[in-house]
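The values are calculated or read from the model by the stated rules, or taken from the named source; none is laboratory data. For clarity, every value in this text was computed on a predicted model and none was experimentally measured. Ideal geometry is used to build each Cβ from the backbone, glycine not excepted, and the neighbour counts take in all protein chains shown. Protein only, heavy atoms only, side chains kept; ligands, DNA and RNA dropped before computing areas. Shrake-Rupley method; radii C 1.70, N 1.55, O 1.52, S 1.80 Å.
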Amino acid sequence: MTTSTSTDHAGDIQVTERDMLGALELLAAASPDPDELLVLTDEELLGLAGPAALELLGGPYLAQDRIDAESSSAAAVRSLAARRLVTVSPEGREDEGEVVVGDGDPRERAVQLDRRLAGAITLRRIPEAMMTVSRTLAGGTTVLGLYLFPGGGVLEEYVTIDGFHHLSLPTLDALPERLAVFVDPFESAHEDGAIETVTPEGPIEDYRVEGTRSLAVLTSITEGAGRQATFFGTEDRLRVLDNGTIEGDDAERSRQITDVSATTLRAILEDLVPVLVDDETES
């Protein structure tokens, strides 16, 4: 049986004042070149936050048929407790304060998380916008997730092929460069080319470029809107396909594709980063 830091009702999210304080403390520690904050496994995330924790970026280790997810997650939570990142006993817990998201009594939580860990789990639950990049190389597929918040806050999560989730806290202005390194791992971007129009015969996701060594699909999502682009890295060039909006009328199947230089690549990625308005700044 998994142990969730939220309420006992599946799909509910409960965030307390203590959780939020931990999240804000993490965002305040952002750096253009951040050190690694935490590394969590598929099993730990499942045990701490339930199946929803792996829905977006995946859980490649637990996805294997030979792995018993339930027993693995229970063992993972026990390991976290041994490292004093999780407190199981009601004695010695800090006051959670009021519930700021969701409902229920936080005193009924099965465990209490170390405040830094609680902050990281909270940031994964309440982003205002998201960016995800699925990158396929010869060795397999890895995923990069960016959780975005008003005021420039960012939580970055890199998921390896064996189910390790590496968390860090970059600054917003560092994202184009970090994304460029991820979508162009072989530094294939050299020169800008002419924009071409292509009309894929099948789904846009199935479009391919001959000689591709790295394939990255970037999805940028804000409330009510989404955009997507695909990056094809070959031996000597990086091609960018504009997949268009995620939802909407797809009657027009033509898409634009072009070769890009390193400078243009960063400009494209900067444009794809969602812009969030800080309510305090707006007022």
Query raised in the report: Just how far, in whole angstrom, is region 167-205 from region 106-166 if you go by their alpha carbon centroids?
Result: 21 Å
**Report entry** Accessible area, probe 1.4 Å, largest first, for residues 253, 66, 84, 124
**Finding:** 84, 66, 253, 124
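Hey, what number do you get for the chain at 222 nm if only DSSP H runs of n ≥ 4 count, each worth -39500 (n - 2.57), divided across all residues, to the nearest 500?
Taking each H run of at least 4 residues, the total per residue is -7000 deg cm²/dmol.
Using only the heavy atoms of the protein chains and a 1.4 Å probe, how would 276, 37 rank by accessible area, largest first?
Reading off the accessible areas and sorting them downward yields 276, 37.
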Query - Full-stretch length increase - residue 33, residue 103 - with 0.36 nm per residue and alpha-carbon distance subtracted - result: 21.5 nm
Query raised in the report: Roughly what % of Cα-Cα distances in the chain sit above 22 Å, to the whole percent?
Result: 61 percent
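Multiplying the sequence separation of residue 161 and residue 56 by 0.36 nm and subtracting their Cα-Cα distance, what value in nm do you get?
Here the segment from residue 161 to residue 56 would lengthen by 36.3 nm.
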Report summary line: From most to least accessible, 1.4 Å probe, no ligand or DNA/RNA atoms counted, 89, 73 line up as 89, 73
Requested in this report: Please work out how much accessible surface residue 88 shows to a 1.4 Å probe, ignoring ligands, DNA and RNA, in Å² rounded to 10.
Outcome: 80 Å²
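Tally Lys and Arg at +1 and Asp and Glu at -1 over the other residues with C-beta under 11 Å from the C-beta of residue 264: what net charge comes out?
Summing Lys/Arg as +1 and Asp/Glu as -1 gives -4.
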Report summary line: Per the 1/(1 + (r/R0)^6) rule, R0 = 41 Å and r from the Cβ atoms of residue 194 and residue 222, FRET efficiency to 0.05 is 0.85
Query raised in the report: Residues with beta-carbon under 10 Å from that of residue 228, excluding residue 228: net charge, scoring Lys, Arg +1 and Asp, Glu -1?
Result: -1
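Would you work out the relative contact order for region 29-116, in percent, from Cα pairs under 8 angstrom that are 6 or more residues apart?
RCO, region 29-116: 23 percent.
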Query - On Cα atoms only, tilt of 69-82 relative to the major axis of the chain in degrees - result: 60 degrees
Query raised in the report: What is the extension gain from residue 278 to residue 236, computed as 0.36 nm multiplied by their sequence separation minus the C-alpha to C-alpha distance, in nm to one decimal?
Result: 11.0 nm
Requested in this report: Let me know the charge dipole size of the chain about its Cα centre in debye, to the nearest 20, where only the beta-carbon of Lys, Arg (+1) and Asp, Glu (-1) is charged.
Outcome: 800 debye
Report summary line: Computed from the beta carbon distance with a Förster radius of 45 Å, FRET efficiency for residue 258 and residue 81 to the nearest 0.05 stands at 0.30
Report summary line: Relative contact order in percent for region 157-277 (Cα pairs under 8 Å, 6+ apart) equals 29 percent
Query raised in the report: What angle do you read, to the nearest 10 degrees and between 0 and 90, between the alpha-carbon axis of helix 115-125 and the longest principal axis of the chain?
Result: 50 degrees
Query raised in the report: Taking only Cα atoms, what is the 0 to 90° angle, nearest 10, from helix 262-272's long axis to the longest principal axis of the chain?
Result: 50 degrees
Query - With DNA, RNA and ligands ignored, accessible area of residue 142 (1.4 Å probe; Å², nearest 10) - result: 10 Å²
Query raised in the report: Where does the charge balance sit around residue 78 when Lys and Arg score +1, Asp and Glu -1, over other residues with C-beta under 11 Å from its C-beta?
Result: -1
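Could you work out the equivalent-ellipsoid semi-axes for region 39-122, taking the square root of 5 times each eigenvalue of the Cα gyration tensor, largest first, in whole Å?
So the three semi-axes of region 39-122 are 24, 15, 11 Å.
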**Report entry** Positive-end residue, the chain charge dipole about Cα centroid, Cβ charges, pick of 46, 198, 226
**Finding:** 46
